[in-house]
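Undergrad: Can you keep this structure in mind? I'll have questions shortly.
Each value in this text was obtained by applying a stated rule to the coordinates, not by laboratory testing. The structure presented is a predicted model; accordingly, all values stated were derived computationally and were not measured. Cβ atoms come from the backbone with ideal geometry, glycine included; neighbour counts cover every protein chain shown.
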Amino acid sequence: MAPAGLRMDRDRILSYLDDLYARRLKLPDSHERLDAAAAVLDDPRGILIEMAHDGQLPHLGIVRMVLKACEVAETAGNGLALYLVGDHYTPNMRPQNLLLGLPLRGVDADRVKNPLTIPVGRRYRHIPFHRLPPPSTEALNEVARRGQAWVVNNASHVDRKAALSEIKARLDAEMERLQECARLTLSFGDWLMRVQITWFDDLLGGTPANLAILPMSGIMDWMPDVLHALAEADDEVARIKNRVSAAQTAKGERSYLSDDGAAGLFWVYCPTCWRRYRTFRDGDRFHARCTSCAEPIEARWAGDGRLMPDIVAFELALFRTGLSGWIVGSRAPYHPVIEESYRALFHAETPPKGFLTSIPRFHGVGEPPEGHTRARLLRVLLEVEPRVVREALQAPWEENPEITSRYL
């Protein structure tokens, strides 16, 4: 397969950012953000650093990876960190992604029996975040009401009642942030991005010049030519997936493929229920069958918004923008699939990976005595100033940052 010209699609990314920031997210400083991104995307020598993660109200590990991507971009000179939010995931696929993040009486948010979550509704939990509406005012009001009760219980649990009024006020402010972002957006995915943009503004002391936040679902608009070429190489990549998976199994490692071998490069969404399925290609048409609706699914290559590359195709395409590196938090089974596929299809090596395997730990009011290694940023900001959070998370790569509440 002849490689497409590197950086050929940066102009599409920039145009997408313009629409995303101004129309969809309604950011008041959208022009300033776009100009900062354009300074890198318009420069053939501009450095792009990727960090991607499924969409959620982020825990400190995610925040640390984004800050490290920004750090690398800044060190490189004319650089830009691309934080790609997985808005194509569903609540069913990532139930913990709906957590607000508050602990309760010494039990962290991931282990609380009935955790505080952003309600979606059982009927809609199979729908991707970018197709769901943002949380309703009523739903967020109920979460805020319950959250205030949890804050009171936590303060009583560790005898920190003197701090209660300040923590409650900070919770009110954070819930208002969530409400405002919900009022200004039209999808759950966009809501997740807008909330995070405002948090990173706080952490970084203003609009960052070297960070752009985008949804992973946008790649079909950014890179149609490269993705189309990848679709034609589906059989070759399927063979690589099977070969790499067999080698992983032989070594006793976690295999990329499940036993039934889901080797296709693309997902297709049912137009009726929006459940997704691995698809097979026939020319410029993609086929599957919805097991819920008991109907065949057919999608054309472009224009219907119902195709999404899997993580292998996503990264293979994104690397063709001329990425200089990507930040990851683990040695995922799909990494060798991507590396071998990129070598086979483009006769080049993938950009270097920066492994950030250190784990931040938060000690706060209501957390267990040992602290929590997946504390949500919202929860931490109730008890720690943004600057302090940023400085702790910017610790050297190999260090495990420790953050302690001002009330302990």
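Undergrad: Show which lysines lie in cross-link reach of Lys26 when reach means a straight Cα distance below 30 angstrom and same-chain residues fewer than eight apart are skipped.
TA: Filter leaves Lys68, Lys168.
Undergrad: Packing-wise, with mean Cβ within 10 Å as the measure, how do 102-111, 45-54 rank, highest first?
TA: Sorting 102-111, 45-54 by mean packing, highest first, produces 45-54, 102-111.
Undergrad: To the nearest 20 debye, what charge dipole does the range 79-226 have about its Cα centre, counting +1 at the Cβ of each Lys and Arg and -1 at the Cβ of each Asp and Glu?
TA: For the range 79-226, the charge dipole is close to 720 debye.
Undergrad: Step by step: find N for the range 276-342, compute 2.2 N^0.38 Å, then divide the Cα radius of gyration by it. What's the final number?
TA: 1.39
Undergrad: A follow-up question, please. How far is helix 10-19 tilted, in degrees, relative to the longest principal axis of the Cα atoms in the chain, given as a value from 0 to 90 rounded to the nearest 10?
TA: Roughly 40 degrees, rounded to the nearest 10.
Undergrad: Right, something else. Taking only Cα atoms and a 10 Å spring cutoff, compute GNM fluctuations for the chain and point out the largest among Pro215, Pro58, Pro28.
TA: Largest GNM mean-square fluctuation: Pro28.
Undergrad: Still on this structure: Can you tell me the dipole magnitude for the chain around its Cα centre, using point charges on the Cβ only (Lys, Arg +1; Asp, Glu -1), in Debye to the nearest 20?
TA: Using Cβ point charges on Lys, Arg, Asp and Glu, the chain gives about 1240 debye.
Undergrad: Still on this structure, please answer the following. Relative to the compact-globule scaling 2.2 N^0.38 Å, provide the ratio for the alpha-carbon radius of gyration of the range 317-374.
TA: That ratio works out to 1.68.
Undergrad: Using the 2.2 N^0.38 Å rule of thumb for compact globular proteins, work out how the range 9-134 stacks up: its C-alpha Rg over that value, please.
TA: 1.27
Undergrad: In 5 Å bins starting at zero, report the fraction of Cα pairs in the range 177-265 per bin as a rounded %.
TA: For the range 177-265, the pair-distance distribution reads 3, 11, 13, 11, 12, 11, 12, 13, 11, 4, 0.
Undergrad: Right, here's the next one. To the nearest 500 deg cm²/dmol, what mean residue ellipticity at 222 nm is calculated for the chain from DSSP H runs of n ≥ 4 alone, each contributing -39,500 (n - 2.57), summed and divided by the residues?
TA: It comes out at -12500 deg cm²/dmol, rounded to the nearest 500.
Undergrad: Put +1 on the Cβ of each Lys and Arg and -1 on the Cβ of each Asp and Glu in the range 156-280; which of Ala209, Leu186, Asn242 then has its Cα farthest toward the positive end of the dipole?
TA: About the Cα centre, the residue reaching furthest to the positive side is Asn242.
Undergrad: Over all alpha-carbon pairs in the range 126-170, figure out the percentage whose distance exceeds 14 Å.
TA: Counting pairs separated by more than 14 Å, the tail of P(r) holds 61 percent.
Undergrad: Let me ask something additional. In the chain, what % of DSSP beta bridges are antiparallel (nearest 5)?
TA: In the chain, DSSP labels about 50 percent of beta bridges as antiparallel.
Undergrad: Another question, if that's okay. Report the rotationally averaged projected area of the chain based on its alpha-carbon convex hull, in square nanometres.
TA: Its average projected convex-hull area is 19.8 nm².
Undergrad: Using DSSP, restrict attention to beta bridges with both residues in the range 218-370 and report what percent are antiparallel, rounded to the nearest 5.
TA: Here the share of antiparallel DSSP bridges comes out near 85 percent.
Undergrad: Cut-off under 22 Å on the C-alpha distance; same-chain residues fewer than 8 positions from Lys241 excluded. Which lysines are left, in chain and number order?
TA: The qualifying lysines are Lys251, Lys353.
Undergrad: Order by neighbour count: Thr117, Thr272, fewest other Cβ atoms within 10 Å first, most last.
TA: Listed from fewest to most nearby Cβ atoms, that is Thr272, Thr117.
Undergrad: Please rank Lys168, Lys251, fewest neighbouring Cβ atoms within 10 Å first, as an exposure proxy.
TA: Ordered by Cβ neighbours within 10 Å, fewest first: Lys251, Lys168.
Undergrad: Return Glu138, Glu74 ranked ascending by Cβ neighbour count within 10 Å, so the fewest neighbours appear first.
TA: Least to most surrounded, the residues fall as Glu138, Glu74.
Undergrad: Taking a cut-off of 16 Å, what percent of all Cα-Cα pairs in the range 91-211 are separated by more than that?
TA: 66 percent
Undergrad: Binning at 10 Å from 0, report for the range 244-356 what percent of all alpha-carbon pair distances ends up in each bin.
TA: With 10 Å bins starting at 0, P(r) equals 13, 35, 33, 17, 1.
Undergrad: A further question follows. If you build a Gaussian network model of the chain, linking Cα atoms that sit under 10 Å apart, which residue out of Gly205, Gly322, Gly366 swings the most?
TA: Of Gly205, Gly322, Gly366, the Gaussian network model singles out Gly205 as fluctuating most.
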